[in-house]
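The next block holds one structure in the form of structure tokens; read it before the comments.
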């Protein structure tokens, strides 16, 4: 019999308790709290994320069934759905936002030297958002359209390891371009975004920060060509031009030269017009860089499928933001676990296995070893045969 620690406790070895306590103290999260602390709340919500619980009642029933194992998991308070609902509703969501940013910083340091699919030494970020649809009846504060509510999760994704570098949660009516006002741009880094982020005043701010952007030009872009460079048309390139904007507002907002690249993707049978302020990389490299933007679409698809952010345990803005930030914290915590233990399994496989093994006393690394996944032959011999072969 294995007398070691349970899997949930091993996962929490990578949880920064001291820094989390600083976040709790900053926003007075445990003020006048006697039993169910912010740490207990985080543990319960982490359990719900890892196991895919559907509701507060579901969380309560499953945790109470675990019995004495909760103590070994670090949960010292009795779990009640009303207590958890009240905590999600009243405790400041910024506690878990700051925690997520701490974990993100830790994960980015671990994945800093992970190579991209192309030989580029600079940092590369993809910017985009995803919409989480909500019921207008239950979430009237997040009205997005006439008959629908929604929240937007704006994300800056570090493409080295697919770790979110910065996230902002807003109501559905907030335009995505306003996210650029909150991003801290790194000198020399590349920021890849679609045409929804075209605002030449904000793009010029990126240029002034000595950062580079790659985006798609709109069809009605007013410009004049200043120079052209030869391109390799066998790779789908059609033109590489230096242009100057001629629109009355755009020319004032972005007074310097831009680079316009015409590229045709033969696999998709689609034409792309790229805009960038980088004149050093080859046009083929710029086209390949934009293809990496799809990593953020896959990231959004993945977290919606495997984390609990499409259905919420509470209906207030604080409860929704708390759940989203804890979901992001769990994703990053598992990414840290994967890197620290050098696990070869995918994030999907890791989450699926952890979800059913949380209260087992097995070393986490053994869960993904080759021997653990193979059934011993001695067990197979004990099975009765239905038919003689």
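Where a number appears in this text, it was derived from the coordinates with a stated rule and is not lab data. No experiment lies behind these values; they were computed from the predicted model shown. Note that each Cβ is placed from the backbone with ideal geometry, even for glycine, and that neighbours are counted across all protein chains shown.
Backbone N atoms of segment 57-74 closer than 17 Å to the 7 Å Cα→Cβ label point of residue 13 belong to residues 72-74. Extending 7 Å from Cα along the Cβ direction at residue 22 and again at residue 279 yields two label points whose distance is 4.4 nm. Taking the chain as a Gaussian network of alpha-carbon nodes connected by springs under 10 Å, the highest mean-square fluctuation of the residues 233, 321, 304 belongs to 233. Return one number: the angle in degrees, 0 to 90 and rounded to the nearest 10, between the long axis of the Cα atoms of helix 294-306 and the longest principal axis of the Cα atoms of the chain. Approximately 20 degrees, to the nearest ten.
Against the chain, whose longest principal axis comes from its Cα atoms, helix 317-340 is set at around 90 degrees.
Most simply put, the chain has about 90% antiparallel DSSP beta bridges, counting only bridges with both residues inside it.
Can you give the calculated 222 nm mean residue ellipticity of the chain, where each DSSP H run of n ≥ 4 adds -39,500 (n - 2.57) and the sum is split over every residue, rounded to the nearest 500 deg cm²/dmol? Walk me through the numbers before you get to the answer.
Details: 15 runs with 151 residues, N = 389.
It lands at -11500 deg cm²/dmol.
Treating r as the C-beta distance of residue 227 and residue 195 and R0 as 22 Å, the FRET efficiency rounds to 0.40. Cα centroids of segment 147-207 and segment 46-73: 35 Å apart. In this rough spin-label picture, where each label sits 7 Å from Cα along the Cβ direction, the residue 32-residue 366 distance is 4.8 nm. First check a/c for segment 76-187, with a ≥ b ≥ c the square roots of the eigenvalues of its C-alpha gyration tensor; if it is under 1.5, answer rounded, and if not, answer prolate when a/b is larger than b/c or oblate otherwise. The shape class here is oblate. The GNM of the chain, with springs linking C-alpha atoms under 10 angstrom apart, assigns the highest mean-square fluctuation among 300, 223, 42 to 223.
To test your reading of the geometry: what angle, between 0 and 90 degrees and rounded to tens, separates the Cα axis of helix 38-51 from the longest principal axis of the chain? That works out to roughly 80 degrees. Of all the options 109, 308, 202, the one that moves most in a Gaussian network model of the chain with Cα springs shorter than 10 angstrom is 109. Between residue 304 and residue 90, the simple label model (points 7 Å from Cα in the Cβ direction) yields a spacing of 3.5 nm. Annotation: extensible slack from residue 253 through residue 342 equals 27.3 nm (criterion: 0.36 nm per residue apart, minus Cα-Cα distance).
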